[in-house]
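Please read the structure below before turning to the comments.
The values are calculated or read from the model by the stated rules, or taken from the named source; none is laboratory data. Everything quoted here is computed from the prediction, not taken from an experiment. Cβ placement follows ideal geometry from the backbone for every residue including glycine, while neighbour counts extend to all protein chains displayed.
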Amino acid sequence: MTTIKAPLSEGAGIARLNRSFVVGGAPVPAAPLNAGLYIVATPIGNLTDVTLRALAILAGADGILAEDTRVSRTLLARYGIETPLSPYHEHNAAEARPRALRRIADGQALALISDAGTPLISDPGYRLVAEAVAQGFAVTAAPGPSAALAALCVAALPTDRFFFEGFLPPKRAARRERINALAAVPGTLIFYEASGRLAETLADLALELGPRPAAVARELTKLHEEVRRGALDKLAAEYAVEEAPRGEIVIVVGAAEARAPIADDVLDREIAELLANLSVKDAAAAVAAKHGLPRRQVYARALALAGAAR
Ligand code: SAM
């Protein structure tokens, strides 16, 4: 039987009978840990996506802070881990944080996990880490899955530079404003989104960013995993007529292409030509698609030109 070494110490850890975990039916003893805070990534769906070190830390810790203790019990039960759980989420963080810091000060090792993936990434924990560091405690990461990186890896979009936005505002006006502010980011964009809002968010992304290449990654690592790739406007049109898909979703969007800027007078000439036969909306859409420009930007010019011609 192999002992997986987590950082060793006598610590002032709580005496517990069982500090082991179970893999493939075999118990693996885990050593007690040095006092401190351990940020432990857990699976985003497939329960076998957990590292041996994560299991050793979860089994060796004096306590586990979990976003939703019921959700985390499934993972812990799967690996035979009996470490006591206590809740740490955005609604109790103000009281739970000082309690956790006192426990670390008393010599305990605490692991922080979220419902899925890497804690602190669109999940609670940032202030706990900052305060633990400010108080001079050791903070250690046990890295592992995160939906953002998993989606980036399968999106077939450039990975050399990326910008993680997380969740966009749920209200449409604020969402559009935020997307507009991201238009100039020189890298692939990554968004988390709730399935019920997917169609409207894709429509807003297409409107603000133009027909950029994108991917919708759904239920990654799970039974119904699906990755749909295509231009933003095409994806928006597809999801607009489909039933809202089930499950968890990441949207990945390619960066603005580095094209030579189009002179305003060239744009105006093209719009004016089309306005002879098309509505403002259709003329703007055609010119925006031709140059890969945000429709909203071209629409504003088309509206001004149509107004001036009246
Ligand atoms: N901390 C987590 C991480 O590292 O991925 C993210 C937590 S955030 C509250 C939850 C969001 O992550 C979901 O709404 C979804 O956008 C994304 N997500 C989580 N699991 C996913 C999966 N298996 N497939 C696709 N997206 C997922």
Any hit, the stretch 29-38, residues being on the phi > 0 side of the Ramachandran plot and surrounded by 15 or more Cβ atoms within 10 Å (Cβ to Cβ): yes
Qualifying positions in the stretch 287-310 - hydrophobic (A, V, I, L, M, F, W, C) and in a helix (DSSP H, G or I): VAL287, ALA288, ALA289, VAL298, ALA300, ALA302, LEU303, ALA304, LEU305, ALA306, ALA308, ALA309
Extreme residue, modelled with the lowest pLDDT, among residues of the stretch 252-275 that are of a type in the set (Val, Ile, Thr) and more than 16 Å from the ligand (Cβ to nearest atom): ILE262
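Does ARG73 meet the test of being free of Cβ contacts under 8 Å to residues at least 24 places away in the same chain and outside the structural domain of GLY247 (by TED's automatic domain parsing)?
Yes; evaluated as a whole, the condition is true for this residue.
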Of all residues making up the stretch 220-251, the number that are closer than 15 Å to LEU189 by Cβ, within 15 Å of the ligand (Cβ to nearest atom) and of a type outside the set (Lys, Arg): 3
Exclusive hit being over 26 Å from LEU55 (Cβ atoms), of a type in the set (Gly, Ala, Ser) and buried (at least 16 other Cβ atoms within 10 Å of the Cβ), set GLY187, GLY144: GLY187
Where VAL250 falls short, out of the listed (1) crowded, with 18+ Cβ neighbours inside 10 Å; (2) touching a Pro at 6+ places or on another chain (Cβ under 8 Å): (2)
Scan of the stretch 145-166 for residues that are part of a loop (DSSP other than H, G, I, E, B) and closer than 13 Å to SER122 by Cα, ordered by number: SER146
Extreme residue, nearest to the ligand (Cβ to nearest atom), among residues of the stretch 195-219 that are of a type in the set (Gly, Ala, Ser) and farther than 15 Å from ALA240 by Cα: ALA217
Set ALA109, ALA54, ALA105: member being of a type outside the set (Phe, Trp, Tyr), modelled with pLDDT of 95 or more and surrounded by fewer than 18 Cβ atoms within 10 Å (Cβ to Cβ): ALA105
Exclusive hit being more than 27 Å from ILE249 (Cα to Cα) and either without any contact (Cβ under 8 Å) to a residue 24 or more places away in the chain or in contact with a Lys or Arg (Cβ under 6 Å, 6 or more places away or on another chain) (or both), set GLY60, GLY107: GLY60
Qualifying residue in the stretch 201-210 (condition: of a type in the set (S, T, N, Q) and under 20 Å from PRO169 (Cα atoms)): yes
Every pair of residues 6+ apart whose Cβ atoms lie under 9 Å, when the first sits in the stretch 32-46 and is over 20 Å from GLN108 (Cα atoms) while the second is more than 16 Å from the ligand (Cβ to nearest atom) and among the basic types (Lys, Arg): none
Residue identified as more than 23 Å from the chain's Cα centre (by Cα), farther than 20 Å from ASP160 by Cβ and surrounded by 15 or more Cβ atoms within 10 Å (Cβ to Cβ) among ALA237, ALA276: ALA237
